[in-house]
There are 2 protein chains.
Amino acid sequence: MATMFTPKAIGFVKGPYTQTKDIPKGPGANHDAVGTLEISPDYEAGLTDVEGFSHLFVLWVFDRSDGVELLAMPPTDDRPHGVFATRSPKRPNPIGLTVVELLRREGRVLHVRGVDMLDGTPILDIKPYLSSVPESALRRGWLAVAEARGKG
Amino acid sequence: MATMFTPKAIGFVKGPYTQTKDIPKGPGANHDAVGTLEISPDYEAGLTDVEGFSHLFVLWVFDRSDGVELLAMPPTDDRPHGVFATRSPKRPNPIGLTVVELLRREGRVLHVRGVDMLDGTPILDIKPYLSSVPESALRRGWLAVAEARGKG
């Protein structure tokens with residue numbers, strides 16, 4: 001068996017969304033909500049130099065979601081897709097991933113744009129966003145098909 | 001306390017790297033190693049439609065790393081930085097994140113380019129890569145400084 005670990009919150013999200021239905025979803029949804037990542041004093045030293053990065057990956061826990069659905073019905077489509085081809089919360093490991101823009105740091109509080117987690121969401125990790133796949137190289141499978149159908 | 005979860009492997013990485021020192025690191029390092037993500041039969045249904053995406057996020061466990069260092073010395077620099085501003089394995093939650101290019105799917109095996117994990121690494125999650133931050137909008141803090149110094 002693989003060596004596993006016990007997840008712990010390094011901090012919590014503060015943001016405008018208190019219910020899942022408040023979070024903009026689907027094609028064309030705005031993801032520019034501003035909020036903060038409030039890191040525990042125990043981990044503040046780990047933020048050293050983070051302010052030099054414009055964007056960060058935030059790993060967090062879907063703490064208000066239960067169960068696993070290997071086939072998920074996304075809000076953007078009327079047919080199911082495999083959970084690993086979606087951002088559904090009902091995942092074998094309920095970990096969320098969000099790219100945020102870092103607006104500024106105040107001690108152990110990061111002010112960010114792009115919050116799409118619920119207020120109070122536990123944060124697992126923060127990583128620097130180092131490079132992008134060029135948009136011209138991306139294929140987005142069922143999502144592009146659903147968007148085209150929605151627009152067509 | 002936050003509701004947490006018990007991490008479980010959904011599968012394992014097969015790749016060319018058996019020791020940490022084999023993995024290319026630092027500026028200019030090639031990340032084009034080819035390998036496979038072998039998903040457990042229990043989770044194969046979750047891969048439905050994943051083949052439509054050109055790139056995937058892979059979340060995995062640093063299973064051969066111990067301990068936490070809030071200040072980390074990256075291979076690319078001679079001064080320490082906060083762990084949340086680096087990709088150091090010695091993180092409060094030892095979760096790695098890699099963007100891979102999906103070459104093809106064969107059942108529950110994904111052939112990918114961009115493997116930078118050790119052979120046998122447990123996989124926690126796979127997510128579709130949906131959009132990029134434009135390179136022109138990225139600032140890369142200490143890493144850009146270290147790269148400029150290395151080149152200068």
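A few comments on the model shown:
- Long-range Cα-Cα pairs in the range B:22-85 (distance over 21 Å), rounded percent: 48
- Using a 7 Å Cα-to-Cβ projection, A:PRO75 label spacings across copies, nm, ascending: 4.0
- Taking 0.36 nm per residue of separation and subtracting the current Cα-Cα distance, fully stretching the chain between A:ALA137 and A:ARG149 would add 2.1 nm.
- Rounded percent of accessible protein surface that carbon and sulfur make up, chain B, 1.4 Å probe: 52
- Debye intensity ratio I(q)/I(0), log10, the protein assembly as shown, q values 0.10, 0.14 Å⁻¹ (C-alpha model): -0.53, -1.12
- Taking 0.36 nm per residue of separation and subtracting the current Cα-Cα distance, fully stretching the chain between B:THR6 and B:HIS31 would add 6.0 nm.
- The residues of chain A expose, per residue, 45 Å² of accessible area to a 1.4 Å probe.
- Each principal axis of the Cα cloud of the range B:84-145 was taken in turn, and the coordinate range along them, longest first, works out to 42, 29, 16 Å.
- Between copies, the label points of A:PRO24, set 7 Å from Cα on the Cα→Cβ line, lie 3.8 nm apart, reported in increasing order to one decimal in nanometres.
- Alpha carbon convex hull of the range B:1-112, volume per residue in cubic angstrom: 141
- 18 Å cut-off, amide nitrogen to a point 7 angstrom out along A:ASP78 Cα→Cβ, residues in the range A:113-152: A:142-152
- In degrees, nearest ten, helix A:141-151 long axis to first principal axis of chain A (Cα): 70
- Chain B residue nearest the rotation axis toward A, with distance: B:SER132, 2 (Cβ to axis, whole Å).
- Between amide H atoms placed 1.01 Å from N, distances below 5 Å from B:ILE123 occur with B:ILE10, B:GLY11, B:PHE12, B:VAL13, all of them 5 or more places distant or on a separate chain.
- Residues listed by number, the range A:3-21, amide nitrogen under 15 Å from A:SER40 label point at 7 Å toward C-beta: A:6-13
The values are calculated or read from the model by the stated rules, or taken from the named source; none is laboratory data. Keep in mind it's a predicted model, so treat the numbers as computed, not measured. Positions of Cβ are backbone-derived with ideal geometry, glycine not excepted, and every protein chain shown enters the neighbour counts. Surface areas here come from the heavy atoms of the whole protein model, side chains and all, with no ligands, DNA or RNA. Shrake-Rupley method; radii C 1.70, N 1.55, O 1.52, S 1.80 Å.
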